[in-house]
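Some notes on the structure that comes next.
Bear in mind these aren't lab numbers, they're just calculated from the coordinates by the rules spelled out. All of these numbers come straight from a predicted model, not from anything done at the bench. Don't worry about glycine lacking a Cβ; one is built from the backbone with ideal geometry, like all the others, and counts go over all protein chains shown.
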Amino acid sequence: MAGRTPGHGILAPENNDKREQLIEMLKKAYWMEIETVMSYLANSINPDGVRAQEIIESLRQDITEELGHAQRFGERIKELYGVVPGSMDFTPEQKYLQPPEEQTDVVHVIKGVIEAEAGAIEHYNRIIEAADGVDWVTQDMVIEILHDEQGHLRLFEGFLREYEAEGLA
Ligand SMILES: [Fe+2]
Ligand SMILES: [Fe+2]
């Protein structure tokens, strides 16, 4: 590879296959974050009603955080000699986070966020395992991001609990 300095660990030529595998996993993570930004953006604007305001405020803060995650995944892709993909490579997956029929249906949004966060947690756990023993930097970064997603999941599980307690979910 042009301009490449022989290194150790994940940057070493003998780890090319592992590096390629991690780049693919990081690209998937990158797209998951980008789609989450799109979904949270729409869902921080659409909901109506008094009860929706807490959800709107929370999602507005998360947009910035999820965008930050996308940036970190992108930067790591580059550091591993990969290329951050262009928009034509994007395939949407978050069917569950489309706008609900009624914009007062906050439970739909809460459940969608929980599904998105749970999906991210599952994929990031796989990256952490794939990086084990060969790419500590990716592993460390993804552990930090995983911590953020667990916080998001827990917050929205709490919102859902409140609705369930009142017989609204
Ligand atoms: Fe994220
Ligand atoms: Fe998140």
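Data for the structure
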item	result
Ranked K95, K18, K78, criterion: other C-beta atoms within 10 Å, fewest first	K95, K78, K18
Residue among N43, W31, A165 farthest towards the positive dipole end of the chain, charges placed on Cβ	W31
Charge dipole (the stretch 74-119, unit charges on Cβ, about Cα centre) - positive-most of F90, P100, I77	I77
Using alpha-carbon coordinates, inclination of helix 106-131 to the longest axis of the chain, degrees	20 degrees
Under-19-angstrom lysine pairs by C-alpha in the chain, whenever the two are 8 or more apart or on separate chains	7
Nearest 10 degrees, 0 to 90: helix 136-165 Cα axis against the chain principal axis	10 degrees
Debye, to nearest 20: dipole size of the stretch 64-161, +1 on Lys, Arg Cβ, -1 on Asp, Glu Cβ	40 debye
Inverse mean reciprocal Cα-Cα distance (Kirkwood Rh) of the chain, Å	17.2 Å
Magnitude of the charge dipole, the stretch 2-141, Cβ model with Lys/Arg +1 and Asp/Glu -1, debye to 20	420 debye
